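Novice: Before we start, here is the structure in question, set down as structure tokens.
The values are calculated or read from the model by the stated rules, or taken from the named source; none is laboratory data. All values reported here derive from a predicted model rather than from experimental measurement. For neighbour counting, all protein chains shown are included, and Cβ atoms are generated from backbone atoms with ideal geometry for every residue, glycine included. Heads up: the accessible areas ignore ligands, DNA and RNA and are worked out on the full protein's heavy atoms, side chains in. Shrake-Rupley method; radii C 1.70, N 1.55, O 1.52, S 1.80 Å.
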Amino acid sequence: DGNAEVYAARVDRSLRKVVADRRITDAPGDSAEVQLVVRGKEVVVVWSDARQSTEEGNGDIYAVRLDAHTLRELGPPMRLFASPAHSRSPSVAVAGDDVVVAWIEDATDAANTDGGVRIAAIDKRGALVGAPIFVRAEERGTISSVALTCSGSRCRGAMASATGDVMQIDGFEISPGATP
């Protein structure tokens with residue numbers, strides 16, 4: 001259809017396909033920046049998708065759970081947060097029974113919003129755990145990357161940002177459902 005879409009394939013240890021390609025996205029606008037994590041017998045796939053903003057190309061973050069063996073969807077794709085800004089560059093990790101997703105939300109003059117990192121948790125049934133939270137960099141600059149890692153139910157993250165010629169890295173710590 002001319003749009004960038006997300007596909008999945010299952011391969012064995014020799015990288016031979018054992019499950020045929022499966023198309024994950026089928027919407028107007030481009031889908032990009034795919035991340036995935038395995039949680040038990042499922043794979044959670046996360047990506048930035050511009051289906052709600054095909055003209056401007058502003059993406060929102062979507063997630064879908066797949067059966068790790070068959071790649072069958074375990075529920076419909078879910079938009080994690082509807083943002084007026086462009087949401088991009090997701091990072092994903094397992095925290096206990098939850099999957100935690102952090103992503104960059106760009107600043108937008110039109111909606112008069114600051115840029116930052118938004119964090120959401122998805123429980124084992126595929127539902128959001130509370131509302132996604134927003135973390136700003138200490139100095140308000142353009143965020144270029146975010147990284148996330150979890151151990152048990154505690155997650156730590158870092159975001160790199162720039163203001164003019166000055167680069168900085170801010171860190172945060174969070175437990176799903178708690179304030180960072």
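Novice: Out of the residues in the stretch 80-113 that are open to solvent by 30 Å² or more (accessible area, probe 1.4 Å) and within 14 Å of SER144 (Cα to Cα), which is modelled with the highest pLDDT?
Specialist: For the stretch 80-113, the residue satisfying everything is ARG88.
Residues are listed down the side, and each one gets a yes or a no for (1) of a type outside the set (D, E, K, R); (2) in a loop (DSSP other than H, G, I, E, B):
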| position | (1), (2) |
| --- | --- |
| GLY2 | yes, yes |
| ALA8 | yes, no |
| ARG13 | no, yes |
| VAL18 | yes, no |
| GLY29 | yes, yes |
| ALA32 | yes, no |
| ILE61 | yes, no |
| VAL100 | yes, no |
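Novice: Right, another one. Going by what's in this entry, would ASN3 be described as more than 15 Å from the chain's Cα centre (by Cα), surrounded by 13 or more Cβ atoms within 10 Å (Cβ to Cβ) and not small (Gly, Ala, Ser)?
Specialist: Against the criterion (more than 15 Å from the chain's Cα centre (by Cα), surrounded by 13 or more Cβ atoms within 10 Å (Cβ to Cβ) and not small (Gly, Ala, Ser)), ASN3 qualifies.
Novice: Could I ask something else about it? Given the structure, is MET159 over 14 Å from PHE172 (Cβ atoms) and either surrounded by 20 or more Cβ atoms within 10 Å (Cβ to Cβ) or among the aliphatic types (A, V, I, L, M) (or both)?
Specialist: Criteria not met by MET159.
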